[in-house]
Amino acid sequence: MRKGLSNTRTEQFFTQSRRTIYNNKYNSKRSATNNNKNKSFYVNAAKASSGKFVVGGNWKCNGSIESIEKLCATLNSGKITADVEIICAPPMVYIDRVQSKLKPPYQVAAQNCWVGKGGAFTGEVSAEMLKDANIPWVILGHSERRSLCGETNEFVGLKTKYALDTGVKVVACIGESLAQREAGNTLKVCFAQLQAIADCVSEKDWDNIIIAYEPVWAIGTGKVATPEQAQDVHAGVRKWMSENVSAVVASKVRIQYGGSVNAGNCDELAQKPDIDGFLVGGASLDGDAFVKICNSAAHSK
Ligand code: PEP
């Protein structure tokens with residue numbers, strides 16, 4: 001964790017959290033070992049997810065009341081013809097408004113929340129507040145928060161656990177930088193990010209986590225990963241999940257691809273067997289494009 005985030009209270013919180021996490025892990029590992037004895041024979045270690053295709057729109061720090069109301073109107077009037085789960089993440093100050101405007105199947109998410117119980121943490125929003133406001137999802141570990149706000153793998157793991165324990169489901173982002181890819185470290189980086197989450201959560205918690213694989217070099221750059229590049233990493237992540245969490249979780253967990261997804265490239269990406277959805281930034285601000293991306297679920301295999 002970065003120095004700026006480190007103070008006595010936060011450190012006390014971490015020590016406490018680590019102790020609880022260790023105890024939970026010990027107990028859940030014991031029951032996972034027993035469960036796996038029965039389950040692993042019929043679950044293929046690396047097969048595509050059995051869950052519904054899921055598309056997220058990360059609106060980031062964009063918009064105004066006027067533009068957001070227009071976007072909601074376009075989304076509501078667009079035809080969602082595919083079987084798809086959709087989660088829009090507006091800026092915090094507009095979530096309530098967006099939640100009251102958007103009709104099903106749209107759900108909402110926050111773009112972040114605090115690592116623990118609320119209190120004297122200026123500028124933060126707690127998972128309890130999200131739960132209280134009926135916000136079912138939160139995006140955690142986005143690369144912008146990792147690189148601009150100093151969020152470490154461990155911090156993202158703790159946040160994930162806290163949100164889940166509070167009853168808020170998590171879209172957990174992972175992904176490598178261009179330098180890391182060029183050094184051949186893509187999977188190593190993604191696995192370390194996943195490990196930090198796996199260290200904090202129980203096997204059951206994975207039912208409420210979506211993994212978003214977002215190569216940093218593809219975010220907001222217009223440089224999309226090729227379907228093959230994305231598929232390779234998704235398959236690697238699923239294999240890692242099978243070997244390090246459980247074959248059952250690996251077969252169920254949904255892995256979104258994020259990074260310059262748009263109305264033109266979504267259909268081809270959606271066909272890849274381990275791509276179970278998208279997390280969309282820029283193109284989610286264009287209602288018609290976003291509806292098209294959601295409907296690409298019809299191409300999913
Ligand atoms: C994102 O920020 O999560 C993202 C994928 O952005 P974009 O689609 O603009 O690359």
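Keeping the other protein chains in place, figure out the carbon and sulfur percent of the accessible area of the range 191-301, with a 1.4 Å probe. If you can, show how the numbers build up before the last one.
Working: 1860 of 3730 Å².
Roughly 50 percent of what the probe reaches on the range 191-301 is carbon or sulfur.
Please give the Cα centre distance for the range 143-207 versus the range 261-301, rounded to the nearest Å.
Measuring centre to centre over Cα atoms gives 23 Å.
Determine, for each peptide in 107-118, 219-230, the mean count of other beta carbons within 10 angstrom over its residues, then list the peptides with the highest first. Write out the running numbers ahead of the final one.
Details: 107-118: 20.7, 219-230: 15.7.
Packing proxy ranking, top to bottom: 107-118, 219-230.
Suppose each label sits 7 Å from its Cα in the direction of the beta carbon; what would the Ala192-Leu178 distance come out to in nanometres?
A separation of 2.0 nm, rounded to one decimal place.
Sort the range 146-228 into rounded, prolate or oblate with this rule: let a ≥ b ≥ c be the square roots of the eigenvalues of the Cα gyration tensor; rounded if a/c is under 1.5, and if a/c is not under 1.5, prolate when a/b is larger than b/c, oblate otherwise. All intermediate terms of the calculation are to be shown ahead of the outcome.
On the way: a/c = 1.98, a/b = 1.86, b/c = 1.06.
In terms of gyration-tensor shape, prolate.
Just to verify a number: what accessible area does Val54 come out at with the full protein assembly present, 1.4 Å probe, Å² rounded to tens?
0 Å²
Which value, in Å², gives the accessible area per residue of the range 243-292 when a 1.4 Å probe is used on the protein heavy atoms?
Numbers: 1530 Å² over 50 residues.
Roughly 31 Å² per residue, with all protein chains present.
Quick one: which residues, 5+ away or cross-chain, put their amide H under 5 Å from the amide H of Val138? H built at 1.01 Å from N.
When sequence neighbours closer than 5 places are left aside, the close amide H contacts are Ala110, Lys169, Val170, Val171.
Rounded to the nearest percent, how much of the accessible area of the range 79-147 (1.4 Å probe, protein heavy atoms only) is carbon and sulfur? Walk me through the intermediate numbers first.
Values: 1690 of 3300 Å².
After summing per-atom areas, the C and S share lands at 51 percent.
Under a point spin-label approximation (7 Å from Cα along Cα-to-Cβ), what is the Glu124-Leu148 distance to one decimal in nm?
Each label point lies 7 Å from its Cα, and together they span 1.9 nm.
Do the alpha carbons of any pairs in Lys101/Lys301; Lys60/Lys101; Lys70/Lys292 sit beyond 27 Å of each other, and which pairs? Walk me through the numbers on the way to the answer.
Details: Lys101/Lys301 32 Å; Lys60/Lys101 18 Å; Lys70/Lys292 17 Å.
Violating the 27 Å Cα-Cα cut-off are Lys101/Lys301.
Considering the range 186-301, what Rg and Dmax in Å follow from its alpha-carbon atoms?
14.1, 40
If I take the Cα coordinates of the range 221-284 and project them onto the principal axes, what are the three extents in Å, biggest first?
Extents along the principal axes: 35, 20, 19 Å.
Top to bottom by accessible area (1.4 Å), largest first, where do His299, His234 land? Working shown, then result.
Details: His299 80, His234 0 Å².
Most to least solvent-accessible, the answer reads His299, His234.
Counting heavy atoms of the protein chains only and a 1.4 Å probe, report the per residue accessible area for the range 66-194 as a whole number of Å². Intermediate values should be presented prior to the final figure.
Numbers: 5700 Å² over 129 residues.
Per-residue value: 44 Å².
So, taking all protein chains as they sit and a 1.4 Å probe, how much accessible area belongs to Phe155, in Å² rounded to tens?
10 Å²
With all protein chains present, calculate the accessible area of Arg146 using a 1.4 Å probe and round the result to the nearest 10 Å².
So the heavy atoms of Arg146 present about 40 Å² to solvent.
The values are calculated or read from the model by the stated rules, or taken from the named source; none is laboratory data. Note that this is a predicted model, so its numbers are computed, not measured. With ideal geometry, Cβ positions are generated from the backbone for all residues, glycine too; neighbour counts draw on all protein chains shown. SASA here: full protein model, heavy atoms, side chains in, ligands and nucleic acids out. Shrake-Rupley method; radii C 1.70, N 1.55, O 1.52, S 1.80 Å.
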